[in-house]
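The values are calculated or read from the model by the stated rules, or taken from the named source; none is laboratory data. The shown structure was predicted, so the numbers you read here are calculated from the model rather than taken from an experiment. In this analysis, Cβ positions are derived from the backbone assuming ideal geometry, glycine residues included, and neighbour counts consider all displayed protein chains. Note: accessible area is taken over every heavy atom of the protein model, side chains too, but ligands, DNA and RNA are not part of it. Shrake-Rupley method; radii C 1.70, N 1.55, O 1.52, S 1.80 Å.
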Amino acid sequence: MAGRQFANKWLKTEALLRSADVAAHIPRTRMYSSENLRQMLLQHRMVVIKPLRGGGGYGVIKVTYSKGVYSFMYMSQQRAFTSFNAMFKSLNRVKVGRKYMIQQGIQLARIAGRPIDYRVKVVKDNGNWVYRSMVGRLARPGLFVTNLCKGGTQLTAREGLGRSLRRKGSVKKKRQEMRNLTNTCIGIMESSFPGIAQLGFDYGIDRYGKIWIFEVNTRPQ
Ligand SMILES: Nc1ncnc2c1ncn2[C@@H]1O[C@H](COP(=O)(O)OP(=O)(O)O)[C@@H](O)[C@H]1O
Ligand SMILES: [Mg+2]
């Protein structure tokens, strides 16, 4: 059974933030506005903006601020500006819809310069949640999104972790951490969104080995 779908990324993030344990793994998130973007750029230097209803990396834009220069990157195109206002105007023309959120940008661990993240899939089978898969997804060269439909390459989580993490001994530990975090999230998601029957978690692991939750899909591909 497919189960119910909940598409709104903001509502799903809000639900997970109610648990302090899970909140520690969620990048700072705010609604899209000029003021919020300005503040988050000053604080984080890199943010990602994404449509509340999106998928497959569609409309996901990376925005950075460094040494007085504002830039954004959509697909493989990068544009730079000397003022926030000029950047913001241009950004609004590139956005694919009105409703967006802003998220603290995570510097993902990489393989040969390409960011990698992980997809964990679970399904409800006869009343019990069971694991289906955990895979790594390596961004197509030149892109920061790892989505397979954007040319990302799938590899086993073991291989991805082994090749991207500095501490090679932590592969097993990171897989277990992602499993544990998934278990905690399943309970929250189920009580917040009754009727779900499958979940796909997008996890990033940064250069220091910290696990981040990018989004939870209620009808993963
Ligand atoms: N906060 C973030 N920091 C760095 N990269 C991100 C962040 N959020 C998303 N990404 C990248 O963009 C991809 C798509 O974002 P995601 O939130 O999963 O939306 P979609 O529904 O389009 O898949 C992620 O798989 C990841 O590679
Ligand atoms: Mg995703």
Accessible area (Å², per residue) of the chain, counting only protein heavy atoms and a probe of 1.4 Å:
50
Taking a probe of 1.4 angstrom, what is the accessible area of residue 64 in Å², to the nearest 10?
40
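Treating only the Cβ of Lys, Arg, Asp and Glu as charged (+1, +1, -1, -1), what charge dipole size does the stretch 134-210 show about its Cα centre? Round to the nearest 20 debye.
Once rounded to the nearest 20, the dipole reads 580 debye.
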What is the Rg over Rh value, at two decimals, for the chain, using alpha-carbon atoms and the Kirkwood definition of Rh?
0.96
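Return a whole-number percent for the relative contact order of the stretch 108-221, with Cα pairs under 8 Å and 6 or more residues apart as the contact set.
Relative contact order here is 28 percent.
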Any idea what the dipole of the stretch 12-143 comes to, in debye rounded to 20, about its Cα centre with Lys/Arg Cβ at +1 and Asp/Glu Cβ at -1?
360
Please build a GNM for the chain, connecting alpha carbons under 10 Å apart, and tell me which residue among 115, 27, 194 fluctuates the most.
194
Expected output is a single nm value to one decimal: the length gained when fully extending between residue 83 and residue 58, i.e. 0.36 nm times separation in residues minus the C-alpha distance. What is it?
6.4 nm
For residue 168, counting only lysines whose alpha-carbon sits under 18 Å away and dropping same-chain residues fewer than eight positions off, the answer is 210
Gaussian network model of the chain, springs between alpha carbon atoms under 10 Å - residue of 62, 124, 12 with greatest fluctuation
124
List the pairs from 99/121; 50/89; 62/150; 12/124; 67/99 whose alpha-carbon separation is above 23 Å, in the order I gave them.
99/121; 67/99
Charge dipole (the chain, unit charges on Cβ, about Cα centre) - positive-most of 115, 7, 218
115
Could you give the dipole magnitude of the chain about its Cα centre, charging the beta-carbon of Lys and Arg +1 and that of Asp and Glu -1, in debye to the nearest 20?
580
